[in-house]
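A.B. asks: Sharing a structure, written as structure tokens. Questions coming.
The values are calculated or read from the model by the stated rules, or taken from the named source; none is laboratory data. Keep in mind that this is a model prediction, so the values were computed, not measured. Methodologically, a virtual Cβ is constructed for each residue, glycine included, from the backbone with ideal geometry; neighbour enumeration extends over all protein chains shown. Accessible surface areas use protein heavy atoms only, side chains included; no ligands, DNA or RNA. Shrake-Rupley method; radii C 1.70, N 1.55, O 1.52, S 1.80 Å.
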Amino acid sequence: MAASMRLLFRRGIRLSHRNVNVTAAGAPGQPAGCWEPPSCRCFSEAAGDRSTHFGFETVPETEKAKRVYKVFENVAQKYDTMNDAMSLGVHRLWKDTLLHVMHPQPGVRLLDVAGGTGDISLRFLEYVCFQQERRKRRAARSMQAPSWQDISNNYSTEEEEDGPQESRAVVCDINKEMLRVGKQKADGLGISAGLSWVVGDAEELPFDDDQFDIYTIAFGIRNVTHIDQALQEALRVLKPGGRFMCLEFSKVTNPVLARLYDAYSFQMIPVLGEVIAGDWKSYQYLVESIRKFPDQEDFKGMIEDAGFYSVKYYNLTGGVVALHSGFKL
């Protein structure tokens, strides 16, 4: 009951300050493919005297967002290449696991926060397309020798079949350069239908309440200054019954693997960053930021505190990565 009252109180504060009403497709005076919201910091209070971590370094809260922005601006062009190099390609399996656990159906609307170069959204659209084709094949097979029940179902769902709902994915990222690289990748693959690109902050999303069926954030939430505010925003923009899903580096559960992982992370990843992307410092930060992120149980508690229910997590590769999931009721 106390948690519900806190959520209502926070919602009242946010609504008293908000004056945002946009759609994923864009806004007047902005390009259709990538919309940038007006400058507004509803959550930004006087934070000059508060500090937070930037990797292992302590910095003022007001400075962290600028530094994180610069990190991803520097690595945007080589971001996908570095993901393959750092994880030896395993990041693709982690993201595929996210989609299989999500199991989206046609007509679902996805918000991919900190979506960067669009890996999750592109997989989402591909998965939904596969589900649509699978339904069509099943329907075709069932009509080869239809039963009376099949004929009845066909008449009752005829209108739905003639006009299926379109699934949509909105990639939302604070970094314009990451979005630019992602849009170029999608254009190169010939994917544009059902895909939007929006400049936005995870702590203050430029969307109305109850807009999305699924909210994902993959390898991005540890870079947010106020994780609790990002979680509250996730809850706000999800529809009732909507699902929150977070893929993030976490705490390795096996002591032997943990030692090997630490050695590889600190000794190899910055070197790869220097060789491939020409940027040692950015990848040193990324390694350090993983160690500062809450472990699986602590993060689960934060998601529950934000107001989500049925929160679970799945360890992948021995806890190198964890997939957290929760629902808005």
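A.B. asks: Using the beta-carbon distance between SER51 and ARG134 and R0 = 45 Å, what value does 1/(1 + (r/R0)^6) give for FRET efficiency, to the nearest 0.05?
C.D. replies: Using R0 = 45 Å, I get an efficiency of 0.30.
A.B. asks: Find how much the distance from ALA263 to VAL275 grows on full extension, using 0.36 nm per residue of separation minus their present alpha carbon separation; answer in nm with one decimal.
C.D. replies: 2.5 nm
A.B. asks: Something else: Taking each pair of different alpha-carbon atoms in segment 175-329 once, compute 1/r for the pair, average those values, and report the inverse of that mean as the Kirkwood hydrodynamic radius in Å to one decimal.
C.D. replies: That comes to 17.2 Å for segment 175-329.
A.B. asks: Please give the length that would be gained between LEU88 and TYR314 if that part of the chain were fully extended, namely 0.36 nm times their separation in residues minus their C-alpha to C-alpha distance (nm, one decimal).
C.D. replies: Computed gain between LEU88 and TYR314 is 79.3 nm.
A.B. asks: Once the piece of chain linking ASP228 and GLU304 is laid out straight, how much longer is it, given 0.36 nm per residue of separation minus the C-alpha distance between them?
C.D. replies: Extra length available between ASP228 and GLU304 comes to 26.3 nm.
A.B. asks: Let me ask something else. Which whole-number value in Å² is the accessible area per residue of segment 241-329, probe 1.4 Å?
C.D. replies: Per residue, segment 241-329 has 46 Å² of solvent-accessible surface.
A.B. asks: Give, to the nearest whole percent, the P(r) tail of segment 227-296 beyond 18 angstrom, counting all Cα pairs.
C.D. replies: I get 55 percent for the Cα pairs in segment 227-296 exceeding 18 Å.
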